Amino acid sequence: MDQFFIKLSIMLVPGLMAITCHEVSHGFIADKFGDSTARSLGRLTLNPIKHLDILGTIMIFVIGIGWAKPVPVNFNNLRHPKRDMIWVAAAGPITNFCLATLSAFLMRGLIAATQEVPAGSMIAAVVDPVTLMLAFSVYINLLLGIFNLIPVPPLDGGRVAVGLLPYGPSNALARVEPFGMIIIIALVFFTNAFSYVISPALSFGVHLLAGPYSNLVFGVTRLMMRG
């Protein structure tokens with residue numbers, strides 16, 4: 001039970017922030033480009049309760065990645081639907097990459113500033129959990145950003161591809177969307193896509209951002225995944 005609450009405290013805040021900011025960014029950019037659907041439904045808020053998906057939140061603890069309720073976007077309301085869709089879709093992964101970068105800088109700065117703090121002190125009791133949360137934030141934001149770049153709709157990478165491709169291929173890819181999640185599940189669980197594509201990209205991102213503390217990021221994540 002103690003391990004559960006430790007896991008909860010370390011994973012929940014960065015996990016909820018990652019998926020909430022991801023979704024809000026879609027609605028925010030859509031609003032700027034002419035579609036006020038998310039604003040009218042009260043979804044342009046960082047209150048995670050407004051975006052909470054129970055299964056998606058549980059998955060943070062089960063497989064290390066989760067999701068929120070998608071922020072509704074009516075692409076027909078965008079001023080330039082095909083072009084603006086690219087920016088609306090890309091906003092989610094870009095937000096996650098920005099959060100991963102910020103978390104990495106904060107983590108590295110916090111470690112450097114507290115190297116002389118004695119273990120077991122009151123300061124360490126506060127700093128150590130925060131450092132672990134930042135380490136997990138680097139991981140979960142990179143994973144969420146990279147995963148969503150898979151070029152299969154309804155993932156963001158698929159919608160970016162629909163916006164970038166010429167009319168014919170764009171329409172063909174858009175028609176995949178009703179079956180997109182089945183394709184994605186098949187790719188992740190029944191092929192080596194994670195091992196050969198997502199995992200190397202994730203490892204590169206962690207080493208790029210966390211530098212000498214990359215092992216901390218991976219170590220915290222492995223510890224959390226063990227339950």
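The values are calculated or read from the model by the stated rules, or taken from the named source; none is laboratory data. All values derive from a computational prediction rather than experimental measurement. When we count neighbours, we look across all protein chains shown, and the Cβ atoms used for this are built from the backbone with ideal geometry, even at glycine.
Taken as a whole, the condition of being assigned to a helix (DSSP H, G or I), closer than 20 Å to Thr221 by Cα and in contact with a Leu (Cβ under 7 Å, 6 or more places away or on another chain) applies to Leu106. The requirement of being among the basic types (Lys, Arg), out of contact with any Gly (no Cβ under 6 Å at 6 or more places or on another chain) and either modelled with pLDDT of 90 or more or at negative phi (or both) is not satisfied by Arg79.
Listed by first and then second residue, the pairs linking a residue in the range 36-57 that is within 12 Å of Pro70 (Cα to Cα) and crowded, with 17+ Cβ neighbours inside 10 Å to a residue that is basic (Lys, Arg) and at pLDDT 90 or above, with Cβ atoms under 8 Å apart and 6 or more places separating them unless they lie on different chains, are Lys50/Arg43; His51/Arg43. Of the residues making up the range 166-185, those that are of a type in the set (Gly, Ala, Ser) and in contact (Cβ under 8 Å) with a residue 24 or more places away in the chain number 2.
The residues listed here are Ser199, Ser137, Ser214; of these, the one that is modelled with pLDDT of 90 or more, buried (at least 21 other Cβ atoms within 10 Å of the Cβ) and of a type in the set (Ser, Thr, Tyr) is Ser137.
Just one of (1) surrounded by 14 or more Cβ atoms within 10 Å (Cβ to Cβ); (2) touching a Ser or Thr at 6+ places or on another chain (Cβ under 7 Å); (3) farther than 30 Å from Pro212 by Cα fails for Asn74. It is (1).
Kindly evaluate Val188 against the criterion of being farther than 20 Å from Ala90 by Cβ and either basic (Lys, Arg) or at pLDDT 90 or above (or both). It is false that Val188 is farther than 20 Å from Ala90 by Cβ and either basic (Lys, Arg) or at pLDDT 90 or above (or both). Quick one: would you say Thr221 is of a type in the set (S, T, N, Q), modelled with pLDDT under 90 and within 18 Å of the chain's Cα centre (by Cα)? It is true that Thr221 is of a type in the set (S, T, N, Q), modelled with pLDDT under 90 and within 18 Å of the chain's Cα centre (by Cα).
So, Phe33, is that one of a type in the set (Phe, Trp, Tyr) and closer than 17 Å to Asp156 by Cβ or not? Spelling it out, Phe33 is indeed of a type in the set (Phe, Trp, Tyr) and closer than 17 Å to Asp156 by Cβ.
Consider Leu99 carefully, then state whether it is outside any helix (DSSP H, G or I), under 19 Å from Ala68 (Cβ atoms), of a type outside the set (Asp, Glu) and in contact with a helix residue (DSSP H, G or I) (Cβ under 9 Å, 6 or more places away or on another chain).
Numbers: outside any helix (DSSP H, G or I): no; under 19 Å from Ala68 (Cβ atoms): yes; of a type outside the set (Asp, Glu): yes; in contact with a helix residue (DSSP H, G or I) (Cβ under 9 Å, 6 or more places away or on another chain): yes.
No; evaluated as a whole, the condition is false for this residue.
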